[in-house]
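Laboratory data are not the source of any read-out in this text; all were calculated from the coordinates shown. Because the structure is predicted, anything quoted here is derived from the model rather than measured. Every residue, glycine as well, gets a Cβ built from its backbone with ideal geometry; the counts of neighbours run over all protein chains shown.
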């Protein structure tokens, strides 16, 4: 039945992308370009956005936080596996399932509905690397948010906050160039743009190899920073749990 | 009018036969297949106002099913059910106004609200007259010692506190009949005693009819006048609690381990000569003697043996519910597993 | 008798709401977080619209402010829904954990009881952003009914929240049959995002969904068209009518599910 739930999860993302798709279509119907994208490119852009939303969906994230919330953490602590290893293994398993289904979606979409624009990047290596880093970042931040359950009972509110920010400031709804300047600056100062903006910029060849390498390095830096913070939080959280007596 | 009147009550659950996986789910959706699983196989009950009935049975015997049907939560498959003159399921909304119910493992209170706000809500829900509400609140606060946590949200209560609050909540509207499903499950000793005293008080002082299920014989002894034992969907016993206790709890068992220099058969003979009891030999060192309360006391038996033989260990076991039920069917008790006997 | 009972149900409903709000507001940090997350969630779409419309002021005959008005009219009832009927979200959990019993043991309408099972003040966030969007838009869009717009809007917002609650109830009631599919209500909620934009943008199949089974069109799109372009005022009355119909259907679904629950136990 988990599969049934996953299908519904995909539909949820699909509805979201449908809104974006039809609004963009209406806006670009006059043959205009926005932020340098024409309609076929924009379609590919939205397709990428949809696929990256699917990788590590809300459901996975909710499971991570739920396992902490329900105190199963204290149970899992007794198991002789390091907590982080456990979580990461679990996430990788979920990711595998999701990547597989995303791959199927991709094949289906590209071959039928949307003729996707091929990548225009100078460096395929950087492109692949930035996609992988984007996925790793999403996984890390899911765990980070989950770990905050140690301090708040309302982690769903936190997830919702973060998702709203990520949706807008990662570029998943529209290219970041379309933001007013100040917001554009803010977006680049936050980790969210590393989730989506970086790989798509490279995909569409909007940055030179040097800049691309810089953006990928930034992704790496965020990954290390967030992973470090999560480890720290976990450590604190466990101590807090210990002092409660589990 | 009887408080509870049940004739030929049957309940069968329909268990979906579903193959695993998505394909199985779809297949089941298109052509559902079920098999029937009987839960109650024809129950008759007559409970008069003011009685206090203990409903006993092992897991899966049908206790919860019965109580859910009597409270209107489940529809019966077949049979006649009247509680306070209502058909509990068909006339549920009117029926539940007249009863109180506490399901031990779940709360009927509002998780986020302070206890007192839950009470206020119920007062409005059952349209309890102001004077009644205040009098009951005062009485229950006293008897159940609710004072200290009346303004605490339910989610922060301990299990014992929550159960006390739940009891009060179920009785605010002065129901003449109250259902209690495992009311002491998981409680500490003090809370158990408080709950039992309270229920006793209600039954004796206010004449409230009690219908309660439990695993715990002490619960039933502490709160009830009448015992009904359920096994595999049928009532196998229904009588006054003192009589039942006498009849069923009659057989206790003394297991004696003698030193290896003794002959067990010899010991058995000693016991037989002194008290007329026939003991069974468990192995070369252990002897099991069953006796009724009227026949002998454990102290007397141990004394008899010790005067003639060397005892290494002895253990007295009260019959468990399982054994009582088994005895009802006149089945021979299986020999006890060695691990139990060896315990010290 | 029936009228008196209904009046009592309303008083009771009001009392429960008051107590719940008081209890909820005791957790200040939680509440603040929820309001912020509501503002962010709703604000995202508003920001999206504003960013896009900065460059393309008119889409399919809809100018920026008319779209903002529609957005507001679709968002405000979401907030009211959270304030009044948020308990529906608990239904799938209650079914799975077998805790529905405590609802059935009370001498009141289980649906009403369910609605108030949990309500949340963070609806204020959604409601505020909806009202804000509408009042901003009202300064730029000619409204055809002058002062009469206000009562008409109230009718639409109230009907809208009933429509949202009913659709939620119906989708959560699916949990009676498919216990594991407890994210279906989230799917249905996603559709409310679609209803914030002019339905004319969508292909006919999608538009049809917003008439039935998710009749958001009657409470968002049609009233916006009416209020900004004019027409027969009777169109507004389709809002409460749609709300009543969908509510009846949702209750029917709930009752069927309940019957299943009552015969199967858990």
Checklist entry - How much length is gained if the chain between residue C:63 and residue C:50 is pulled fully straight, taking 0.36 nm per residue apart and subtracting their Cα-Cα distance, in nm to one decimal? => result 3.6 nm
Next on the checklist: Whole angstrom only: what separates the Cα centroid of the range C:192-207 from the Cα centroid of the range C:1-52?
Outcome noted: 26
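Just subtract the alpha-carbon distance of residue B:111 and residue B:200 from 0.36 nm times their residue separation and send over the number in nm, one decimal.
Working: separation 89, 0.36 × 89 = 32.04 nm, distance 2.80 nm.
Gain in length upon complete extension: 29.2 nm.
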Checklist outcome for this item: The ratio Rg/Rh over the Cα atoms of the range B:1-99, Rh being the Kirkwood inverse mean 1/r radius, stands at 1.10
Checklist entry - Taking the Cα centre of each part, how many Å lie between the range B:69-128 and the range B:190-228? => result 19
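In deg cm²/dmol, rounded to 500, what helix-only [θ] at 222 nm does chain C give when every DSSP H run of at least 4 residues adds -39500 (n - 2.57) and the total is split over its residues? Provide the component values of the computation, followed by the final result.
Working: 12 runs with 185 residues, N = 266.
Here the helix-only value at 222 nm equals -23000 deg cm²/dmol.
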Checklist entry - Among C:156, A:161, what is the fewest-to-most ranking by other Cβ atoms within 10 Å? => result A:161, C:156
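Please compute the average number of Cβ atoms from other chains found within 10 Å of each residue's Cβ in peptide B:65-78.
Neighbouring Cβ atoms belonging to other protein chains average 3 per residue here.
Take the alpha carbon gyration tensor of the range B:108-153, find the square roots of its eigenvalues, order them as a ≥ b ≥ c, and report rounded if a/c is under 1.5; if not, report prolate when a/b exceeds b/c, else oblate. Before the final figure, lay out each step's value.
Numbers: a/c = 2.48, a/b = 1.09, b/c = 2.28.
Here the range B:108-153 falls in the oblate category.
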Checklist entry - Counting only other chains, what is the mean number of Cβ atoms within 10 angstrom of the Cβ of each residue in peptide A:167-179? => result 3
Checklist outcome for this item: For residue C:248 and residue A:132, extending 7 Å from Cα along the Cα-Cβ vector and measuring point to point gives, in nm, a value of 6.1
Checklist entry - Listed highest first by mean packing, meaning other Cβ atoms within 10 Å per residue, what order do B:56-67, B:143-154 come in? => result B:56-67, B:143-154
Checklist entry - What FRET efficiency do you get for residue B:87 and residue B:142 if R0 is 30 Å and r is their Cβ-Cβ distance, rounded to the nearest 0.05? => result 0.20
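Take C:248, C:49, C:134, A:229 and order them by how many other Cβ atoms sit within 10 Å, fewest up front.
Values: C:248 11, C:49 20, C:134 24, A:229 14.
Going from sparsest to densest Cβ surroundings: C:248, A:229, C:49, C:134.
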Next on the checklist: For the range B:36-146, what does the convex hull of the Cα positions come to per residue, in cubic angstrom?
Outcome noted: 158
Next on the checklist: Ranking request for peptides A:40-53, C:165-178: highest mean number of other beta-carbon atoms within 10 Å first, then the rest in descending order.
Outcome noted: C:165-178, A:40-53
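Quick check on packing: order B:257-269, B:224-236 by the mean number of other C-beta atoms within 10 Å, highest mean leading.
In decreasing order of mean packing, B:257-269, B:224-236 become B:224-236, B:257-269.
Peptide C:16-26: average number of partner chain Cβ atoms within 10 Å per residue? All intermediate terms of the calculation are to be shown ahead of the outcome.
Values: counts 7, 0, 2, 10, 5, 0, 3, 9, 2, 0, 3.
Partner Cβ neighbours, averaged per residue: 4.
Using a Förster distance of 30 Å, how high is the FRET efficiency between residue C:2 and residue C:260, based on the Cβ-Cβ distance and rounded to 0.05? If you can, show how the numbers build up before the last one.
Values: r = 28 Å, r/R0 = 0.92.
Rounded to the nearest 0.05, the efficiency is 0.60.
Under 1.5 on a/c is rounded, so check that first for chain C, then, if it is not, pick prolate when a/b is larger than b/c and oblate when it is not; a ≥ b ≥ c are the square roots of the alpha carbon gyration tensor eigenvalues. If you can, show how the numbers build up before the last one.
Details: a/c = 1.72, a/b = 1.64, b/c = 1.05.
In terms of gyration-tensor shape, prolate.
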Next on the checklist: Return the equivalent ellipsoid semi-axes of the protein assembly as shown as a descending list in whole Å, where each equals the square root of 5 times an eigenvalue of the C-alpha gyration tensor.
Outcome noted: 62, 35, 24
Next on the checklist: Using only DSSP helix segments of four residues or longer, with each worth -39500 (n - 2.57), what per-residue ellipticity at 222 nm results for chain B after dividing by its residue count and rounding to 500?
Outcome noted: -11000 deg cm²/dmol
Checklist entry - For the Cα atoms of chain B, what angle does the longest principal axis make with the long axis of helix B:264-275, in degrees from 0 to 90, nearest 10? => result 70
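Among the DSSP beta bridges whose two residues both lie in the range B:4-247, what percent are antiparallel, rounded to the nearest 5? Before the final figure, lay out each step's value.
Values: 24 of 44 bridges.
Given both bridge residues lie in the range B:4-247, the antiparallel proportion sits at roughly 55 percent.
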Checklist entry - If you count the DSSP beta bridges with both ends in the protein assembly as shown, what percent of them are antiparallel, to the nearest 5? => result 65
Item to check | Residues in the range A:188-210 reached by a label modelled at residue A:38 [backbone nitrogen below 19 Å; 7 Å Cα→Cβ] | outcome: A:203-207
Checklist entry - Given labels modelled 7 Å from the Cα in the Cβ direction, how far is it in nm from residue B:10 to residue C:180? => result 3.3
Item to check | Separation of the residue A:236 and residue B:236 label points, Cα + 7 Å toward Cβ, nm | outcome: 5.9
Checklist entry - Relative contact order (percent) for the range C:2-264, with alpha-carbon contacts under 8 angstrom and 6 or more residues of separation? => result 24
